[in-house]
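A short worksheet on the structure shown next.
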Amino acid sequence: MKSVLSIILASFFMFAFTVPAEVEVTPISKTKSEITWQGYKVTGKHNGSVALKEGAFEYENGMLTGGEIWIDMTSIKVLDLQGDMAGKLEGHLKSSDFFGVENYPSAHFKITEVISRGTPGEYKVVGDLTIKENTKEIKFNAKVSEEAGTMVAVADITIDRSDFDVRYGSGSFFDNLGDKTIYDEFDMSLKLVTE
């Protein structure tokens with residue numbers, strides 16, 4: 001009986017005085033980070049960039065546990081075209097046909113779960129992506145490493161634009177588009193570097 005009481009008391013003190021892991025919040029650099037995109041259509045593809053507005057990662061004991069970013073949708077750039085052609089496509093992507101940046105200047109992603117993939121620095125990330133006030137859960141793999149005293153997270157993500165009410169030229173919603181069809185899925189590559 002005495003040994004059982006000792007175990008109970010020892011367990012109580014162990015739990016009562018355990019220091020919880022401290023959450024470290026680290027800002028993400030707007031100038032060092034890069035976000036690129038690539039969209040596809042029947043007759044080809046286009047690629048470009050978009051700027052990070054702000055963001056931060058959360059760590060516990062050196063492990064990524066959370067975070068969120070805001071993307072500046074007004075900064076959409078087309079990189080595979082030049083001059084007026086690039087400007088025309090940029091204007092169309094910013095218009096209400098696509099991302100409606102006048103009314104929706106930011107997109108937002110918030111991590112809801114981070115799962116280790118068994119290798120240090122490699123994670124499966126789950127989170128809520130909001131574009132044009134439409135929120136959808138997405139999942140993707142990410143790799144986090146330390147470079148020159150900063151943390152660098154890289155990920156490639158495929159997004160279905162139709163989930164976010166971006167339907168212009170979509171064969172899923174419009175018939176007889178032929179070679180004017182724009183595919184619903186587009187790719188984003190993220191390189192997020194902490195301050």
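Tabulated data
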{"quantity": "Length-normalised contact order of the chain in % [C-alpha pairs under 8 Å, at least 6 apart]", "calculated": "21 percent"}
{"quantity": "Alpha-carbon Rg with Dmax, taken over the chain, Å", "calculated": "21.9, 86"}
{"quantity": "Nearest 10 degrees, 0 to 90: helix 2-16 Cα axis against the chain principal axis", "calculated": "40 degrees"}
{"quantity": "The chain - mean residue ellipticity at 222 nm from DSSP helices (-39,500 (n - 2.57) per run, n ≥ 4, rounded to 500)", "calculated": "-4500 deg cm²/dmol"}
{"quantity": "Solvent exposure ordering (accessible area, 1.4 Å, most first) of Arg167, Arg161, Arg117", "calculated": "Arg117, Arg167, Arg161"}
{"quantity": "Set of aspartates and glutamates with alpha-carbon distance to Lys77 below 16 Å, sequence-local pairs under 8 removed", "calculated": "Glu34, Glu90, Glu102, Asp187"}
{"quantity": "For region 151-166 and region 54-81, distance of Cα centres in Å", "calculated": "11 Å"}
{"quantity": "Acute angle (nearest 10 degrees) that the helix 83-94 long axis makes with the longest principal axis of the chain, alpha-carbon atoms", "calculated": "60 degrees"}
{"quantity": "In order through region 64-78: 3J(HN,Hα) via Karplus (6.51 cos²θ - 1.76 cosθ + 1.60), integer Hz, x for Gly, Pro", "calculated": "5, 10, x, x, 7, 9, 10, 10, 7, 5, 6, 9, 3, 10, 9"}
{"quantity": "Per DSSP, loop chymotrypsin sites (Phe, Trp or Tyr not before Pro) in region 85-175 with at most 11 further Cβ within 10 Å", "calculated": "Phe173"}
{"quantity": "In region 57-144, GluC sites (Glu not before Pro) in a DSSP loop with at most 14 other beta-carbon atoms within 10 Å", "calculated": "Glu102, Glu133"}
{"quantity": "Solvent-accessible surface (1.4 angstrom probe) belonging to Thr36, in square angstrom, nearest 10", "calculated": "60 Å²"}
{"quantity": "Flagged links, alpha-carbon separation over 32 Å, of Lys32/Lys136; Lys53/Lys88; Lys110/Lys180; Lys41/Lys110; Lys45/Lys143; Lys88/Lys124", "calculated": "Lys110/Lys180; Lys88/Lys124"}
{"quantity": "Highest-fluctuation residue, Asp163, Asp80, Asp184 considered, GNM on the chain with Cα pairs under 10 Å", "calculated": "Asp80"}
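The values are calculated or read from the model by the stated rules, or taken from the named source; none is laboratory data. The structure displayed is predicted, hence computed values, not measured ones. Counting neighbours? That spans all protein chains shown, and the Cβs are built from the backbone with ideal geometry, glycine included. For accessibility, only protein heavy atoms count, side chains too; no ligands or nucleic acids. Shrake-Rupley method; radii C 1.70, N 1.55, O 1.52, S 1.80 Å.
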